[in-house]
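Engineer: This is the structure, below, for whatever I ask next.
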Amino acid sequence: MDTDVQHTERDPSPAPDQGPEQGSRFARFTARPAGLRHRPVTLLALCLAFVLLLSAFVAQPFLIPSSSMENTLQIGDRVLVNKLAYRFGSAPARGDVVVFDGTGSFVHREQGENPVTGLLRATGAALGLARPAETDYVKRVIGIGGDHVTCCDERGRIEVNGEAVREGYLHPGDAPSSVTFDIVVPEGKLWVMGDHRARSSDSRDHLGDPGGGTVPVDKVIGRADLITWPVSRWRTLSAPIPAAAGSRG
């Protein structure tokens, strides 16, 4: 009877048609999911690098940190700063809202910062997620090189080259300036002021500093062209040109 028993146990040896080539194909197939798991991380890194390059050379989102430009710009607004606006022969014009590095004009001391913290902040600022550097400012151009800018005339208005400037962008209730000044803007420099004059630390506050409160054109990072966030405030930033646009005295 023992000889009639059929053994159903599987032969542990590999099947004849499962050769080395098929085994290697199976190994490659099973290895693919591991590679796919790394692909999203790689794509994310590439996207981040692309956005940072775009922010560094073309257009950068900028988080408004203060009330100095109200009501045109409010705290928490994100504006898109056009870094190509002045790259190809153009120059800042009266009425432009510009972002600039105030080192040497508004800031005359070194800003100490932990390198790691600085890198994280700079990355966040480049993406519009964090406050900009303490040396970065956003203001409106009132006078350009060669302009004679004074305040105030008999009606309390700022004059550029003898012509009163109509400033419809001023914060409601603000006077054009509570500080009197009389300056000829040097060539290659800008006279800048915030739209909320009562809350803005601008060229007026640095009259006694080197440069007399003016900002070098080569320190301008770019022109603020568009409010991108919040969505309810989405709009372009026009540049109302003061009345004295065509003359210099």
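The values are calculated or read from the model by the stated rules, or taken from the named source; none is laboratory data. On a predicted model such as this, the values are computed, not experimentally measured, just so you know. All Cβ positions, glycine included, derive from the backbone under ideal geometry; neighbour counts span all protein chains shown. We work out accessible area using only protein heavy atoms, side chains counted, and drop any ligands, DNA or RNA first. Shrake-Rupley method; radii C 1.70, N 1.55, O 1.52, S 1.80 Å.
Engineer: Could you check, for segment 202-222, whether at least one of its residues is of a type outside the set (F, W, Y), more than 14 Å from M69 (Cα to Cα), open to solvent by 50 Å² or more (accessible area, probe 1.4 Å) and touching a helix residue (DSSP H, G or I) at 6+ places or on another chain (Cβ under 9 Å)?
Structural biologist: For segment 202-222, residues of a type outside the set (F, W, Y), more than 14 Å from M69 (Cα to Cα), open to solvent by 50 Å² or more (accessible area, probe 1.4 Å) and touching a helix residue (DSSP H, G or I) at 6+ places or on another chain (Cβ under 9 Å): absent.
Engineer: I'm trying to understand the selection: among the residues of segment 174-185, which are acidic (D, E) and surrounded by 15 or more Cβ atoms within 10 Å (Cβ to Cβ)?
Structural biologist: Selection gives D174 alone.
Engineer: Test A244 against the stated conditions and say whether it is buried (at least 19 other Cβ atoms within 10 Å of the Cβ), among the aliphatic types (A, V, I, L, M) and at pLDDT below 95.
Structural biologist: Judged against the criteria, A244 is a match.
Engineer: Now for a separate question. Would you say G211 is in contact with a Gly (Cβ under 8 Å, 6 or more places away or on another chain) and in contact (Cβ under 8 Å) with a residue 12 or more places away in the chain?
Structural biologist: Taking the combined requirement at face value, the residue satisfies it.
Engineer: Check G188, G194, G156, G168 and return the single one that is open to solvent by less than 30 Å² (accessible area, probe 1.4 Å), within 19 Å of D96 (Cβ to Cβ) and of a type outside the set (K, R).
Structural biologist: G194
Engineer: Listed residues E167, E187; which is in contact with a Lys or Arg (Cβ under 9 Å, 6 or more places away or on another chain) and not basic (K, R)?
Structural biologist: Within the list E167, E187, the selection yields E167.
Engineer: Which of the residues that make up segment 96-106 are within 19 Å of the chain's Cα centre (by Cα) and either part of a loop (DSSP other than H, G, I, E, B) or β-branched (V, I, T) (or both)?
Structural biologist: Hits for segment 96-106 are D96, V97, V98, V99, G102, T103, F106.
Engineer: Given the conditions (1) of a type in the set (D, E); (2) in a strand (DSSP E or B); (3) in contact (Cβ under 8 Å) with a residue 60 or more places away in the chain, and given that D195 satisfies all but one, which numbered condition is not satisfied?
Structural biologist: D195 satisfies every listed condition except (2).
Engineer: Then there's this: Across segment 109-153, which residue is modelled with the highest pLDDT among those that are loosely packed, with under 15 Cβ neighbours inside 10 Å and within 19 Å of S68 (Cβ to Cβ)?
Structural biologist: Per the stated criteria, the residue is E134.
Engineer: Does S178 count as modelled with pLDDT of 80 or more, of a type in the set (S, T, N, Q) and in contact with a helix residue (DSSP H, G or I) (Cβ under 8 Å, 6 or more places away or on another chain)?
Structural biologist: Considered against the rule, which asks whether it is modelled with pLDDT of 80 or more, of a type in the set (S, T, N, Q) and in contact with a helix residue (DSSP H, G or I) (Cβ under 8 Å, 6 or more places away or on another chain), S178 comes out as no.
Engineer: Out of the residues in segment 65-80 that are more than 25 Å from A164 (Cα to Cα) and touching a Ser or Thr at 6+ places or on another chain (Cβ under 9 Å), which is most open to solvent (accessible area, probe 1.4 Å)?
Structural biologist: I75
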